[in-house]
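Asks: Dropping the structure in here first, questions after.
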Amino acid sequence: MITRLSADEQVALRASGAILGRVMNELVALVRPGIRLLDLEIAADRLITEAGAVSAFKGYKGYVNVLCTSVNEEVVHCPPSARLLQDGDIISIDNGVVYQGMYSDCAVTVPVGTISTAAQRLLQVTRDALYVEAIKMLKPGNTIGDIGQAVQRFVERAGLSVVRSLVGHGIGHHLHEEPSIPNYGTAGRGAKLVPGMAIAIEPMVNIGGAEVEFMDDGWRVVTADGSLSAHFEHTFLITNDGYELITKL
Ligand code: MF3
Ligand code: CO
């Protein structure tokens, strides 16, 4: 079932996304060579608590952390470790909060120090796939397939691969709701976007092949060929004439 949020729920969703956006800004500002992933985790935990919100990830299906911090060939869902970030790494910080009953979800991939030209291009293409291509499709009457096709086409024309075994999702009263939002697809197919619908769109893009491996810890996802991977995610609300960005950075 696809849920449409009431006006009051939309107010709460905005507040949830505003908190998450502020927390994400602070985390991104901490990224530099020498910082431990666990330092980001500790900061996120403190910032979310100080904002009066609750982590959306901690406790989700037994996940014990607040953040997912996925570095280089790690795609998503990597628990923060004592690993030190190094000059030239790229790191995806994925974070979610619940506030006044509403979930918001957001991820960005950022450079650590100076990164290669290929890594810079990966980040740019993945960011634009979300911020430009997916966003263009966000209005009532368009479909989930319109979003997927726009993202896939853009990424593949750039010579990169979209991950298919992980997808975006509806969001609101829960972290993951219907519908699934693949980063590939066919225009016109799938559920129609309707006002009041909240969705998290999250392209995951690899420099090499699209294949990923799911690690034995039950969480970590890495590229099968070891190539670099980037991930951006935002929560959006579909409005009468378009969309509203809920997780503003
Ligand atoms: N943003 C991630 C997703 O939608 C959240 C990961 S859930 C967690 O898949 F349990 F890993 F935290
Ligand atoms: Co998500």
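Asks: Arg127: within 24 Å of Leu193 (Cβ to Cβ), modelled with pLDDT of 95 or more, within 16 Å of ligand 1 (Cβ to nearest atom) and not in a strand (DSSP E or B), yes or no?
Replies: When the stated conditions are applied, Arg127 does not pass them.
Asks: Here's another thing I want to ask about it. When the residues of segment 149-183 are narrowed to those that are within 14 Å of ligand 1 (Cβ to nearest atom) and more than 25 Å from Gly17 (Cα to Cα), which ends up surrounded by the most Cβ atoms within 10 Å (Cβ to Cβ)? Steps first, answer last, please.
Replies: Initially, segment 149-183 is screened for residues within 14 Å of ligand 1 (Cβ to nearest atom), giving 163, 165-172, 174-183.
If we keep only those that are more than 25 Å from Gly17 (Cα to Cα) as well, we get 163, 165.
Working: Val163: 25, Ser165: 13.
Among residues in segment 149-183 that are within 14 Å of ligand 1 (Cβ to nearest atom) and more than 25 Å from Gly17 (Cα to Cα), the one surrounded by the most Cβ atoms within 10 Å (Cβ to Cβ) is Val163.
Asks: Does Ala134 fit the bill of being in contact (Cβ under 8 Å) with a residue 60 or more places away in the chain and either assigned to a helix (DSSP H, G or I) or out of contact with any Asp or Glu (no Cβ under 8 Å at 6 or more places or on another chain) (or both)?
Replies: Taking the combined requirement at face value, the residue satisfies it.
Residue-by-condition table, conditions (1) touching a residue at least 40 places away in the same chain (Cβ under 8 Å); (2) under 13 Å from the mean Cα position of the chain (by Cα):
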position: Gly185; (1), (2): yes, no
position: Gly188; (1), (2): yes, no
position: Val205; (1), (2): yes, yes
position: Gly209; (1), (2): yes, no
position: Met215; (1), (2): no, no
position: Val222; (1), (2): yes, no
position: Thr235; (1), (2): yes, yes
position: Thr239; (1), (2): yes, no
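Asks: A follow-up question, please. Being within 15 Å of ligand 2 (Cβ to nearest atom) and assigned to a strand (DSSP E or B) is the filter; apply it to segment 70-79 and report the residue that is surrounded by the fewest Cβ atoms within 10 Å (Cβ to Cβ).
Replies: Once the filter is applied, the top-ranked residue is Val76.
Asks: Just checking: which of the strands (runs of 3 or more DSSP E) contained wholly in segment 197-249 hold 3 or more residues that are surrounded by 15 or more Cβ atoms within 10 Å (Cβ to Cβ)?
Replies: Counting at least 3 such residues, we get 198-201, 204-206, 221-223, 229-231, 234-238, 243-245.
Asks: For segment 56-69, what are the residues that are among the aliphatic types (A, V, I, L, M) and not in a strand (DSSP E or B)?
Replies: Across segment 56-69, the qualifying residues are Ala56, Val64, Val66.
The values are calculated or read from the model by the stated rules, or taken from the named source; none is laboratory data. As the structure is a computational prediction, the values presented were derived from the model and not from experiment. Reconstructed Cβ throughout: ideal geometry from the backbone, glycine too, with neighbour counts over all protein chains shown.
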